[in-house]
Amino acid sequence: MTTGRSITDLQTLRRFLGVCTLLNFGMLTLATGVLLAAGGPIASLHSRWFGLPEATLSVMYFSFLAGYKLLILGFNLVPYLALRCVDR
C-alpha cells in the first residue's frame, strides 16, 4: 500500500465519519424534538400497546436518547476527531 493511497483512504474515512456524525446528531435532535413536542400522546400510545406505566416510558425514552448520544460520540465523533488530529 502506498503512502498516497493511505492518506486518501484516511481522508475519505474522516469525511464519512463527519457526515455520519452530522446525520446521527440530526436524528437525535429530531427524536428529542418529537418527544418534547408530542411526548404525552406518544407515551399514552406506547402505554396502551405495551402495558407499561407512562412514568416508566419517560425513563426509557430518556435512556434511549442518552444511549444513542453516547454511541454517536463513541463511534462517530471521537474517531472523527482522532483522524483530524492525525491529519495535522
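Among the residues of region 23-39, write down those that are surrounded by 14 or more Cβ atoms within 10 Å (Cβ to Cβ) and among the hydrophobic types (A, V, I, L, M, F, W, C). Of everything in region 23-39, those that are surrounded by 14 or more Cβ atoms within 10 Å (Cβ to Cβ) and among the hydrophobic types (A, V, I, L, M, F, W, C) turn out to be PHE25, LEU28, ALA31, LEU35.
Of the residues making up region 50-70, those that are touching a helix residue (DSSP H, G or I) at 6+ places or on another chain (Cβ under 8 Å), aliphatic (A, V, I, L, M) and assigned to a helix (DSSP H, G or I) are LEU57, LEU65.
Results for (1) free of Cβ contacts under 8 Å to residues at least 24 places away in the same chain; (2) in contact with a His (Cβ under 8 Å, 6 or more places away or on another chain); (3) closer than 30 Å to GLN11 by Cα, shown as yes or no for each residue.
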site	(1), (2), (3)
ALA55	yes, no, no
VAL59	yes, no, no
LEU70	yes, no, yes
LEU83	no, no, yes
ASP87	no, no, yes
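Within region 40-49, is even one residue hydroxyl-bearing (Ser, Thr, Tyr), under 13 Å from the mean Cα position of the chain (by Cα) and either surrounded by fewer than 15 Cβ atoms within 10 Å (Cβ to Cβ) or not in a helix (DSSP H, G or I) (or both)? No, region 40-49 contains no residue that is hydroxyl-bearing (Ser, Thr, Tyr), under 13 Å from the mean Cα position of the chain (by Cα) and either surrounded by fewer than 15 Cβ atoms within 10 Å (Cβ to Cβ) or not in a helix (DSSP H, G or I) (or both).
Values in this text are rule-based calculations from the coordinates and carry no lab data. For clarity, every value in this text was computed on a predicted model and none was experimentally measured. Neighbour counts are summed over all protein chains in view; Cβ atoms, including those assigned to glycine, are modelled from backbone coordinates with ideal geometry.
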